[in-house]
Amino acid sequence: MFAVAALLAAGSASAREVVPFDAASAGSIVISVSQRKLYLVNGDGTAIRYPVAVGKPGKQWFGTVRIDGKYVAPAWSPPSDVKRDNPRLPNLIAGGSPHNPMGAAAMTLAGGQYAIHGTNRPSSIGTWASYGCIRMYNQDVVDLYQRVDVGTSVTMMH
């Protein structure tokens, strides 16, 4: 099982960085599909920028939603379109399993079956890889998880 405390204590290298950013309100998340970056807006003219994997062409969504749940080492049930494309997937993969694509933590997004989550495929970060979810390095999703609350605004833009 993923140990959030172990990820934090390990001090793993991360690709996140603080960058100039003032295009959204403090505490909100902005995801740029074209850049494959997620920005957590600090409100002082900067944001923490994280590399992410985004939806494949045709699997992307755009707009503004809110985080409606936060989970550590969540179990995963493949959505119907994923299961249709990959019928050999099991109906449920336990949280903490090395085969679970949700990784160390997940923040579900209101209005659909999407989430911002860790990954069991870190090589996918920086690509167009998912069915609409936002993938992050596990150490980065743990960092973001600790910084945001249920209700945080998430805007997906081109």
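I'd like to verify a number: residues in region 86-121 that are modelled with pLDDT of 95 or more and on the phi > 0 side of the Ramachandran plot, how many? Number satisfying all stated conditions: 1. Cβ separations smaller than 8 Å between residues 6+ apart or across chains give the following pairs from region 84-97 residues that are without any contact (Cβ under 8 Å) to a residue 60 or more places away in the chain to residues that are assigned to a loop (DSSP other than H, G, I, E, B) and exposed (fewer than 12 other Cβ atoms within 10 Å of the Cβ): Ile93/His99.
Do we have any residue at all in region 55-63 that's basic (Lys, Arg) and touching a Ser or Thr at 6+ places or on another chain (Cβ under 8 Å)? Looking through region 55-63, at least one residue is basic (Lys, Arg) and touching a Ser or Thr at 6+ places or on another chain (Cβ under 8 Å). Would you check if there is a residue in region 135-148 being part of a loop (DSSP other than H, G, I, E, B), in contact with a helix residue (DSSP H, G or I) (Cβ under 9 Å, 6 or more places away or on another chain) and touching a residue at least 24 places away in the same chain (Cβ under 8 Å)? Yes, there is a match, as at least one residue in region 135-148 is part of a loop (DSSP other than H, G, I, E, B), in contact with a helix residue (DSSP H, G or I) (Cβ under 9 Å, 6 or more places away or on another chain) and touching a residue at least 24 places away in the same chain (Cβ under 8 Å). Of the residues making up region 92-126, just one is in a helix (DSSP H, G or I), out of contact with any Ser or Thr (no Cβ under 9 Å at 6 or more places or on another chain) and surrounded by 13 or more Cβ atoms within 10 Å (Cβ to Cβ), namely Pro122.
Only a single item in (1) under 17 Å from Val33 (Cα atoms); (2) surrounded by 14 or more Cβ atoms within 10 Å (Cβ to Cβ); (3) over 11 Å from the mean Cα position of the chain (by Cα) is not met by Leu89, and it is number (1).
The values are calculated or read from the model by the stated rules, or taken from the named source; none is laboratory data. This is a predicted model, so every value here is computed, not measured. A quick note on method: Cβ atoms are made from the backbone with ideal geometry, for glycine too, and the neighbour counts reach across all protein chains shown.
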